[in-house]
Structure formats: C-alpha cells, structure tokens
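Enquirer: I have a structure here, written as structure tokens, and I will follow up with some questions on it.
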Amino acid sequence: MRPAVQTDPSGGRRSAPPEGTYELVVVANRLPVDRVTEDDGSVRWQQSPGGLVTAMQSVMSGEDGAWVGWSGDPGPAPEPFDEGGMHLHAVGLSEQEVEDHYEGFSNETLWPLYHDVIVPPRFRRRWFDGYRTVNRRFAEVAASLAAPGATVWVHDYQLQLVPAMLRQLRPDVQIGWFNHIPFPGVELFAQLPWRRAVVEGLLGADLLGFQRKADADNFLRVCRRLLGLRTRGGTVDVPGPDESVRVVRASAFPISIDASGLAELSREPEVIERSRQIRRDLGDPEWLLLGVDRLDYTKGIRHRLKAYEELLSDGTLSPPQAVLVQVATPSRERVTAYVQLREQVEVTVGRANGDYGHLGRPAIHYLHQSYPRKEMAAMFLAADVMLVTPLRDGMNLVAKEYVTCRSDEGGALVLSEFTGAAGELDRAYICNPHDIDGLKATIRHAMAADPTEKRRRMRAMRRRVAEYDVQRWADDFLQALQTAPERP
Ligand code: ADQ
C-alpha cells in the first residue's frame, strides 16, 4: 500500500526508507493470509476470508507497505516473507496467549461488550494480562519496521493498547487506529474493569477512526465522562508533560469494498451462468432468499430464521416456490457462545425442513462453509431477496457486496437498522430484527414491491457504494492522518 502522501513536511520527496523499514505499516490481529499445508507436506499461503482482509486487500500493494499480524497458528512466528506485493511480518503467539488475548479478552470480553451485550461479556483478569502482553509485542514489531516519520495504521479492537505503546517507543511516527466494530455507549463501556487502560491506549493515536459518527461520539463521551478529559468537536485534549496538550481526533470513516473489482467479477459470463445454475439446482424457485454471514450471534441469524419459519407456517411462503439459502461461515468455534449458536441454528433449520420441506426440496439450504469470491458473487446475483439482519454490526460488507453484484438492478436488500451500512444504504428495506412481526412485514414488502421502485432503490444504493469504495475509505483515512488537526 502506498501512503497517500509521500512528501516530507518541507514538501520534498522523502528519500528511500532505511533497509528493512517501511513508510506504511499496517498492524492487524491477523495477517491477510492463511497457512495451507499441501498433501506432500509443502506449505503455501492463501488469502484469508473476512471483513478486514476483504477491505484492505485492494489498497495493500506495492513495495512500501508492511503488514504485521498473527499467522493464525499458535507457536513461533514464521520468518517474514513477501506475498502479493506486501511485506508480511508475523507475530508469534503461544497457545496460552491465543486463549487469553484472542479467544478470551478479544472475543469473550470486548466483542460482546462492544455489540450491545447481546451475550454477557466475561471479565477475567488473566485475559487482560494476556491482552496487554500481546499488544506490547505487536507494538514492538511495528516500531522496528516503521521508517522514520512513517505512518502506522493499527486495526481493530484486539489492538487498542498498541497506539500508546507505539507512541512511547516511536514518538516520530503518525499513528492511526480504525475500529471495525461498533464503539459502545458510555453506560456499557463503563462496565469494563480496564476501561481507563483501554482509553489511554487508544489516545496514543493521532487519529481514531470509527464506522459511524455515533461510534466516534460514544468514544468522545467516554473520554469526557470516565476520564474527565476535555473534548471539542471531534477532538480530545490529551494532557502531556509540562502542561502541553496533544490533540487526538475521533471521526467516522465508513468502510467499504472493492466495488469496481466485484462489479466486474459479477458481470463475467461464467458468474452469470453459475447464478442461473444455482437457481436451477434449487428447482427454479419463484423466490430465492439469501443470508450470508459469519456464524456469529451479532448477525441476527436466529431472528431471521424465526421470521422465515413463521412466514412458512402462515403460508406466505411455501416451498418449493420459495427457498432460503443460509450461508454461515464457521467462526470462533472454540468459544462457547458460538458452539451454542451453531446448535440453535442447526436445530431450527432441521425443524423447518422437517415441517415444510419436500423430498429433494428442503425449505432451507444451510451451508456451514466458506466459498470463493466468484461463488459468492453468483449467489448474490441469484438471490431475489438478500436478508442482512444483524442485531448490531459495525458496518456489514455483505450488504454492500450484494448491491454491487446487482449490475442488473434486480433483487432487494432487507437491511437491519443496527448495521453501519444502514446509514449509507437507506434505500434498502430497513428492518428492526428484534421485531419479528416487523421483520416479516419488511420481507413481504420487499417481495411485493413494484419492480420499477425496486430498481430505483437498487440503483441509488449501487451508486453510493461505487462512489465511496474501499480505496476512497483508505485514502480519506490516510489523508486525514497526515493532516494537522483543525480545532473547532
Ligand atoms: P465481519 O463481522 O466479518 O467483519 P462483514 O462486514 O459482513 O462481517 O464481512 C464479512 C466478509 O466475509 C464479507 O466480505 C463476506 O463476503 C465474507 N464472507 C462471509 N461469509 C462467507 C463465506 N461463507 N465464504 C466466503 N466469504 C464469506 C467486521 C465487522 C463488520 C465490518 C467488517 C469490516 O464485524 O461490521 O463491516 O469487519 O470493517
């Protein structure tokens, strides 16, 4: 990834960075690749699925960028390597550190706390100790790779202590942090026993990016109410030594997708033919409804299935004329809440198929698998109604991917108001997934809408995603990071 601005403060071009250092360092929990061991024992790296990787892939290329992250396997870190135009530098984590930092503090404490406590967060002191240790390791590696005056872009809730740790090691670098998930209101955040350490960690950055303005506002309120700091507009005054004050900005940068690349893919004849084949394989239903999510309790999969089951039971939808395909990517399979969710989803799907399916024609096709991008695009293109019903979601890239694939302006998007995406895709059929009757009514509305009206909505949403794509998002963030803060 090339930094948006490659000039020094005097306006001249910077000379090449010292050997082994980089002008731009991305720091994220995971490397953008997974290790694959072939049958013959050889190892190769393959691009991994997931929100952040999908988003960053199109902006990380060229010689100037390094990516610091965990490889996904516990144990010593593999040697640094170059892949897809990036320098990848793995951070090693022991089994215990994965358990404490990643599965424990990140996924059982912060994830539920930041998603409206849909399940209760667990607070364990050992997990936070592991979180701090691992954050320090990431900060040290980033410090060693950053060229003088470099830009370091830290990602997400797993690394909230890195900005302050890095500032201490390398006061010369520009530090940005972006939160891919929501930032909770002060009443919820206040529960966190280590709330001060987390906020102070974040305040080591120059710029804090959030998905929505509401998230940035929540953070600013936390600074005022819990730390007694002064905020003005979208900035926080951070007191330093000798009565100095450092200004930290907090603003919204709604993440997006590689819209042109995906639109192009969805127009490939092979993908269009595959989308037709999918419909044929499903028995050419009149209505194909689709859900695509990580199997996560924030995504509202149970609420969606409940609404669908009721639409089957009241006769609004009757298989095989209507069929639901639910793709649920395996996720966090060692965390209890995810094991329980999987069981609940599978019981519901089994019951619906038992009650409403026909021989060879189930009411719900449930696929607990990952798919290549082409197959996902074909599914999006095949679906009449896309159901995106999270109870809380930072953004939700699936919604943006669906509209982007619909170059034919067909289809309809049912979208939860609790996603970041709803702020931009306001021409979707907006629903409150907690309100099962309301959700059913919204699905019926999306199905019954006049085709011209549907096309108009789809066109408006497609335009928005095409204009504000992931490249714009990254450029805006990096540009803001390299611009001195303006005080209101
Ligand atoms: P996620 O919670 O992972 O991301 P989302 O934004 O929907 O959620 O991104 C999921 C990505 O994985 C999409 O690109 C989707 O196409 C892909 N995907 C899903 N199921 C798949 C499957 N079975 N096979 C292959 N690919 C699949 C987090 C936050 C979000 C935020 C993103 C980016 O929780 O709110 O939008 O980061 O910031």
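Enquirer: So which residues in region 263-289 are within 13 Å of the ligand (Cβ to nearest atom) and either aromatic (F, W, Y) or surrounded by fewer than 23 Cβ atoms within 10 Å (Cβ to Cβ) (or both)?
Expert: Across region 263-289, the qualifying residue is only L265.
Enquirer: Kindly indicate whether A421 is over 23 Å from W111 (Cα atoms) and either small (G, A, S) or at pLDDT below 95 (or both).
Expert: No.
Enquirer: Has region 406-421 got at least one residue that is assigned to a helix (DSSP H, G or I), within 13 Å of the ligand (Cβ to nearest atom) and either outside the structural domain of Y114 (by TED's automatic domain parsing) or within 15 Å of S256 (Cβ to Cβ) (or both)?
Expert: yes
Enquirer: Restricting to region 3-30, name every residue that is at pLDDT below 80, part of a strand (DSSP E or B) and surrounded by 15 or more Cβ atoms within 10 Å (Cβ to Cβ).
Expert: Correct list: empty.
Enquirer: Quick one: what pairs do we get from region 238-260, first residue within 24 Å of E401 (Cα to Cα) and modelled with pLDDT under 95, second of a type in the set (D, E, K, R) and not in a loop (DSSP other than H, G, I, E, B), C-beta under 8 Å, 6+ apart or different chains?
Expert: Between residues of region 238-260 that are within 24 Å of E401 (Cα to Cα) and modelled with pLDDT under 95 and residues that are of a type in the set (D, E, K, R) and not in a loop (DSSP other than H, G, I, E, B), the close pairs are S256/K400; S256/R472; I257/K400; I257/E401; A259/K400.
Enquirer: Do we have G176 as closer than 26 Å to F105 by Cα, in a helix (DSSP H, G or I), at pLDDT 95 or above and among the small types (G, A, S) here?
Expert: Considered against the rule, which asks whether it is closer than 26 Å to F105 by Cα, in a helix (DSSP H, G or I), at pLDDT 95 or above and among the small types (G, A, S), G176 comes out as no.
Enquirer: What are the residues in region 346-374 that are of a type in the set (A, V, I, L, M, F, W, C) and within 22 Å of the chain's Cα centre (by Cα), if any?
Expert: The one that is of a type in the set (A, V, I, L, M, F, W, C) and within 22 Å of the chain's Cα centre (by Cα): L367.
Enquirer: Are there any pairs, at least 6 apart or on different chains, whose C-beta atoms fall under 6 Å, with the first in region 352-372 and assigned by TED's automatic domain parsing to the domain that holds S313 and the second at pLDDT 95 or above and among the charged types (D, E, K, R), and if so, which?
Expert: As it stands, the answer is A352/E309, since those pairs meet every condition given.
Enquirer: Next up: From the list V327, V345, V292, V339, which one is within 16 Å of the ligand (Cβ to nearest atom), part of a helix (DSSP H, G or I) and either surrounded by 15 or more Cβ atoms within 10 Å (Cβ to Cβ) or assigned by TED's automatic domain parsing to the domain that holds L359 (or both)?
Expert: V345
Enquirer: Among (1) away from the ligand (no atom under 16 Å from the Cβ); (2) touching a Pro at 6+ places or on another chain (Cβ under 6 Å); (3) not in a strand (DSSP E or B), there is one condition S370 misses while meeting the rest; what is its number?
Expert: The number of the failed condition is (1).
Enquirer: Within region 429-450, can you find the residues that are within 20 Å of M379 (Cα to Cα) and part of a helix (DSSP H, G or I)?
Expert: Answer for region 429-450, where residues must be within 20 Å of M379 (Cα to Cα) and part of a helix (DSSP H, G or I): I443, A446, M447.
Enquirer: Output the residue which, of all residues in region 127-186 that are over 15 Å from G69 (Cα atoms) and of a type in the set (D, E), is farthest from the chain's Cα centre (by Cα).
Expert: Checked region 127-186; the qualifying residue farthest from the chain's Cα centre (by Cα) is D172.
Enquirer: Kindly establish whether D426 is out of contact with any helix residue (DSSP H, G or I) (no Cβ under 7 Å at 6 or more places or on another chain), assigned to a loop (DSSP other than H, G, I, E, B) and at pLDDT 95 or above.
Expert: yes
Enquirer: Looking at region 167-221, which of its residues are more than 18 Å from A143 (Cβ to Cβ), among the polar types (S, T, N, Q) and more than 16 Å from the ligand (Cβ to nearest atom)?
Expert: If the condition is that a residue be more than 18 Å from A143 (Cβ to Cβ), among the polar types (S, T, N, Q) and more than 16 Å from the ligand (Cβ to nearest atom), then Q191 is the only one that fits.
The values are calculated or read from the model by the stated rules, or taken from the named source; none is laboratory data. Note that the structure is predicted; figures quoted are calculated from it, not measured. We place every Cβ from the backbone using ideal geometry, glycine too, and count neighbours over all the protein chains shown.
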